[in-house]
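Reading through the structure tokens given below for one structure.
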Amino acid sequence: MEELTSCKVAIENCQSTKTFAVAHLYKEEKAMDMHIHDCYELYYSISGGKQFLIDNRFYAIAPGDLFIINQYESHKLTQIDNQLHERIVLSVHPEYTKLLSTPETDLDACFSCRSAGFRHKLSLSREQQKRFLYYVNKITSADGYAHDIVEQAAFMELLVMINSLSSANAPDTAKTEYKYNHQVDDILMYINQNIAHPVTVEQLAENFFLSESYICRIFKQATGTTIGKYISARRISIAKAALSEGASVGEAFEKSGFSDYSSFFKSFTKAVGVSPKKYANLSVS
């Protein structure tokens, strides 16, 4: 399997082949705001640096950290600087992990099981890092006769390793690790608890007894995105999950918390690439 140098191309390949793709990245691609996509994502940091915001949780990134993100979770890298950020990103089609699973072994569990204390980050030991890179190298170096079988077998072994580590990763009962203003944690919690209802900067300012300009400033400083963009990404994520579970477009609209259908339709179509109705049909087919 070819080792790609672009996340965008990896996602496109994943969606077209309905399997998976591997990208090894050294340089920054165009910075993205909070976003979601139809593929699972395994983000392995080689150099460390930066910070991940996944839904409403912050994670510091160190060398050897592996992040597990599903297709409903909005995410964004924050604290961007000019350092080199080497990482390996695997884009995985959700149906592929289900196809590889057996009645006794669910290889999709690390992506689909999200308990209240779920941690998206696995901090791999040196030995685990070597194993992870061994499997990735086996996948990307496979060539010639039976290369597809070698790729699939190595990928399955990688999933076995990740699922084993994920299931053993104890729920995080302490506060989510973060290096940002305590007030932002409270703001994120409030937004997510009230996401199905109108949430405005003015409302947040009144609730937390802070000025609107101050709230906008500390939120952008901590997350790298605006309050409006964060709320929109979260609502789209909720709508995608609802549609995939069989909800009608109208039900998904109501659950997502958008103020009107026009805004919902435009925001969803722009972020996902297809209309809510088409996405619902694709999820069912």
Between the range 1-29 and the range 229-260, what is the C-alpha centre distance in whole Å? 27
Can you give the helix-only mean residue ellipticity at 222 nm for the chain, where every DSSP H stretch with n ≥ 4 adds -39500 (n - 2.57) and the sum goes over all residues, rounded to the nearest 500 deg cm²/dmol? -15000 deg cm²/dmol
Solvent-accessible area of Arg235, probe 1.4 Å, all protein chains present, reported in Å² to the nearest ten, please. 20
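For the chain, list the DSSP H helices whose alpha carbon atoms reach 18 Å or more along the long axis and whose average Kyte-Doolittle value is -1.0 or above?
Details: long enough: 126-141 (22 Å, -1.22); 147-168 (32 Å, 0.80); 227-244 (26 Å, 0.45).
Within the chain the helices that satisfy the rule are 147-168, 227-244.
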May I ask you to derive the FRET efficiency for Ser47 and Leu282 from their Cβ-Cβ distance with R0 = 35 Å, giving the value to the nearest 0.05? 0.45
Could you give the spread of the C-alpha atoms of the range 91-246 along their three principal axes, from largest to smallest, in whole angstroms? 64, 40, 29
Round to a whole number: what % of the accessible area of the chain belongs to carbon and sulfur, probe 1.4 Å? 53
Using a 1.4 angstrom probe on the protein heavy atoms only, line up His75, His147 by accessible area, largest first. His147, His75
How large are Rg and Dmax for the range 200-244 when calculated on the C-alpha trace, in angstrom? 12.7, 39
What accessible area per residue, rounded to a whole number of Å², is obtained for the range 227-285 using a probe radius of 1.4 Å? 50
What FRET efficiency do you get for Glu95 and His147 if R0 is 30 Å and r is their Cβ-Cβ distance, rounded to the nearest 0.05? 0.85
Total charge dipole magnitude, the chain, about the Cα centre, Cβ charges on Lys, Arg, Asp, Glu only, Debye to nearest 20: 440
How far apart, in nm, are the 7 Å Cα→Cβ label points at Met189 and Ser259? 2.7
With Cα springs under 10 Å, the Gaussian network model of the chain assigns the largest mean-square fluctuation among Tyr59, Tyr72, Tyr261 to Tyr261
Of all DSSP beta bridges in the chain, antiparallel share, percent nearest 5: 95
Solvent accessible area, Å² - His35, 1.4 Å probe, full protein context: 40
Given a 1.4 Å probe and the protein chains all in place, what does the accessible area of Cys216 round to, in Å² to the nearest 10? 60
Which of these, Ser141, Ser213, Ser123, has the largest mean-square fluctuation under a Gaussian network model of the chain (Cα springs below 10 Å)? Ser213
To the nearest 0.05, the calculated FRET efficiency linking Val160 and His182 through their beta-carbon distance, R0 being 51 Å, is 0.85
Could you size up the charge dipole of the range 1-77 around its Cα centre, putting +1 on the beta carbon of Lys and Arg and -1 on that of Asp and Glu, and report it in debye to the nearest 20? 140
Which of these, Glu206, Glu12, Glu157, has the largest mean-square fluctuation under a Gaussian network model of the chain (Cα springs below 10 Å)? Glu206
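The values are calculated or read from the model by the stated rules, or taken from the named source; none is laboratory data. This structure is a prediction, so every number in the text was calculated from the model and none was measured. No Cβ is skipped: glycine too gets one built from the backbone with ideal geometry, and neighbour counts run over all protein chains shown. Ligands, DNA and RNA are stripped out before the accessible areas are found, and what is left, the full protein with its side chains, is counted by its heavy atoms. Shrake-Rupley method; radii C 1.70, N 1.55, O 1.52, S 1.80 Å.
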